[in-house]
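Input: a single structure, listed below in structure tokens.
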């Protein structure tokens, strides 16, 4: 059962199902001026993350930090604690379930990122997620409607499609397959 924060987030996400996947300070500036309600920070460092997160939150955006992609952070519980205390995001994204467990313990929403290259990676992803369920899943590439449907149905968790989505038709296909939302770095799709 989703936490109240996750339920509230999913309700808001239903109103705007495109998530801005922003890179760097310029991407953050463009995300702030876009109509998206949620931003995934896909890079940054211990020097820039607190300001970028604060700027986005001041603009009313929901912010998730992809902790695996940030410079100056270890891949351990201390990195999660630092992010929670110094950046105050709404949630964290990671491929590492141990980081997500720590984030969840700190009251942050969690998104497990799963890369699908073949049916074996799909099966492995399902096993890992069942062992330590996050709040949501982000599947990459987001152009695999059959996998989106299976993950949603088997795991009973919201699925976000991301990666390689470059056209409105890609967004529509992912949503029709059952994705709750789509994360895209292509700014023309943020609008």
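The values are calculated or read from the model by the stated rules, or taken from the named source; none is laboratory data. None of the values given here were measured: they were computed from a predicted structure. No Cβ is skipped: glycine too gets one built from the backbone with ideal geometry, and neighbour counts run over all protein chains shown.
Please determine, by comparing only the residues of region 28-45 that are touching a residue at least 40 places away in the same chain (Cβ under 8 Å) and in contact with a helix residue (DSSP H, G or I) (Cβ under 9 Å, 6 or more places away or on another chain), which one is surrounded by the fewest Cβ atoms within 10 Å (Cβ to Cβ).
Of all residues in region 28-45, those touching a residue at least 40 places away in the same chain (Cβ under 8 Å) come to 30-31, 34-36, 38, 40-42.
Those still in the list that are in contact with a helix residue (DSSP H, G or I) (Cβ under 9 Å, 6 or more places away or on another chain) too: 30-31, 34, 38, 41-42.
Numbers: 30: 15, 31: 26, 34: 19, 38: 24, 41: 29, 42: 21.
Taking the candidates together, the pick is 30.
Scanning region 145-171 for residues that are part of a helix (DSSP H, G or I) and farther than 24 Å from residue 27 by Cβ turns up 145, 146, 147, 148, 149, 150, 151, 152, 153, 154, 155.
Once region 85-101 is narrowed to residues that are out of contact with any strand residue (DSSP E or B) (no Cβ under 6 Å at 6 or more places or on another chain) and in a helix (DSSP H, G or I), the residue that is surrounded by the fewest Cβ atoms within 10 Å (Cβ to Cβ) is 85. Output yes when any residue across region 102-117 is at pLDDT below 95 and either over 18 Å from the mean Cα position of the chain (by Cα) or surrounded by 24 or more Cβ atoms within 10 Å (Cβ to Cβ) (or both), and no when none is. Among the residues of region 102-117, at least one is at pLDDT below 95 and either over 18 Å from the mean Cα position of the chain (by Cα) or surrounded by 24 or more Cβ atoms within 10 Å (Cβ to Cβ) (or both), which makes the answer yes.
What about residue 107, is it touching a residue at least 60 places away in the same chain (Cβ under 8 Å) and not in a helix (DSSP H, G or I)? So residue 107 passes the test.
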